[in-house]
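Below you'll find the structure, written out as structure tokens, and then a few comments.
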Amino acid sequence: MHGSSGVRHLVDRHPDVTPQRLIAQLVPPPTFADVSFDTYLPDPAEPSQAAAVQSCLRFCAQATQRRAGKKKLFGRREVLPGVGLYLDGGFGVGKTHLLASSYYRVPGPKAFATFGELTQLAGVFGFVECIELLAEYVVVCIDEFELDDPGNTTLISRLLSALVERGVSVAATSNTLPEQLGEGRFAAQDFLREIHTLAAIFDTVRIDGPDYRHRGLPPAPEPLSDDEVTRRAAQVPGATLDDFDALCVHLATMHPSRYLTLIEDVAAVFLTGVHRIDDQNVALRLVSLTDRLYDAGIPVIASGAKLDTVFSEEMLAGGFRKKYLRATSRLLALSRAL
């Protein structure tokens, strides 16, 4: 694998992430760096999309107003609790586009993070410090809101409740309605109290429509041969070339918060020997890497199995079904990007 072609390998990279870096990363991903409400094109056949834009605009105005507080005597201001907006819908209906547009629309200090990045932030800084860090923000935007384990449920529920009390508004996207968060993932009834606390914060807006990534697009491309992948990797400056199994093993050696740094300055990711994954932990790490690659718009070229067969049928029938479907959708989009 490690030939003299001069092609780099992800498995040779051992990124380190400082707390300062984590805070600096709290912005929309490169794919959504230039979006706005003006560049969101609602599907005329799906009225919920245009309605969602209006809901976001209202949220932005309220969030700004809430942060300013209420004037009291002697020029002091009373803190008003923040508001919540929850964009629910399937894949590729533009939820992240609208969330990023909301982020850019609101003035002042603000944060944009995936759900995983937010739990990571709380883990690195500590719960109380994380509240202090975000307490003066106008808005915190959370993409792909998920409750994958009881610990994260409780943590994020408490964190957001505390921030809302301090005047921070919260916007989130998900594929699951707030009352159904955690369904099929763990004993949801044990955490209903937490989940309902969160659900009460959010004004839920449903966005319908087909996945734009598959509108008129062909199915998964036929995989290339190992030799073809190796040859093409050598022709792309800044590309990396890795054996699929070796990469999966390497991903297990670091926290997913480092995956963004792992793929820094990478032009394209070439993989040989892709095959179906049956281990849930391996699969979830691949989902995290796929999300980072998609956010950065880095093409993926592979040999072995087709990219839409990577996650086993058993996995697609389980509690993380939506995660795996999203990752498959994104891998297919990336496989056509070069």
Can you find, within the range 19-35, the residue that is surrounded by the most Cβ atoms within 10 Å (Cβ to Cβ) among those that are in contact (Cβ under 8 Å) with a residue 40 or more places away in the chain and in a helix (DSSP H, G or I)? Phe32
Which of the following residues is open to solvent by 30 Å² or more (accessible area, probe 1.4 Å) and modelled with pLDDT of 95 or more: Gly297, Gly318, Gly304? Gly304
Do we find that Ile263 is farther than 25 Å from Gly319 by Cα and among the β-branched types (Val, Ile, Thr) in this structure? yes
(1) open to solvent by 70 Å² or more (accessible area, probe 1.4 Å); (2) free of Cβ contacts under 8 Å to residues at least 60 places away in the same chain: which one isn't true of Asp16, the others all being true? (2)
Verdict on Gln54 being surrounded by fewer than 16 Cβ atoms within 10 Å (Cβ to Cβ) and in a helix (DSSP H, G or I): yes
In the range 244-251, is there at least one residue being assigned to a loop (DSSP other than H, G, I, E, B), more than 24 Å from Ala122 (Cβ to Cβ) and not charged (D, E, K, R)? no
Can you find, within the range 264-292, the residue that is modelled with the lowest pLDDT among those that are hydroxyl-bearing (Ser, Thr, Tyr) and assigned to a helix (DSSP H, G or I)? Ser288
So the check is Cβ under 7 Å with 6+ separation or different chains; which pairs have a first residue in the range 219-235 that's touching a residue at least 60 places away in the same chain (Cβ under 8 Å) and a second one that's among the polar types (S, T, N, Q) and open to solvent by 70 Å² or more (accessible area, probe 1.4 Å)? Ala234/Ser5
In the range 111-226, which helices (runs of 4 or more DSSP H) lie fully inside it and hold 1 or more residues that are at pLDDT 85 or above and surrounded by fewer than 16 Cβ atoms within 10 Å (Cβ to Cβ)? 127-134, 150-165
Hey, Asp295 hits all of (1) in contact with a strand residue (DSSP E or B) (Cβ under 9 Å, 6 or more places away or on another chain); (2) under 18 Å from Val229 (Cβ atoms) but one; which does it fall short on? (2)
Restricting to the range 62-109, give me the number of residues that are touching a strand residue (DSSP E or B) at 6+ places or on another chain (Cβ under 9 Å), within 29 Å of Arg326 (Cβ to Cβ) and outside any helix (DSSP H, G or I). 12
Could you go through the range 255-262 and let me know if any residue there is open to solvent by 40 Å² or more (accessible area, probe 1.4 Å), modelled with pLDDT under 90 and within 19 Å of Arg8 (Cα to Cα). yes
Residue set Asp38, Asp43; condition open to solvent by less than 50 Å² (accessible area, probe 1.4 Å), among the charged types (D, E, K, R) and farther than 18 Å from Gly108 by Cβ; output residue Asp43
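The values are calculated or read from the model by the stated rules, or taken from the named source; none is laboratory data. On a predicted model such as this, the values are computed, not experimentally measured, just so you know. Positions of Cβ are backbone-derived with ideal geometry, glycine not excepted, and every protein chain shown enters the neighbour counts. Keep in mind that these areas ignore ligands, DNA and RNA; they rest on the heavy atoms of the full protein, side chains included. Shrake-Rupley method; radii C 1.70, N 1.55, O 1.52, S 1.80 Å.
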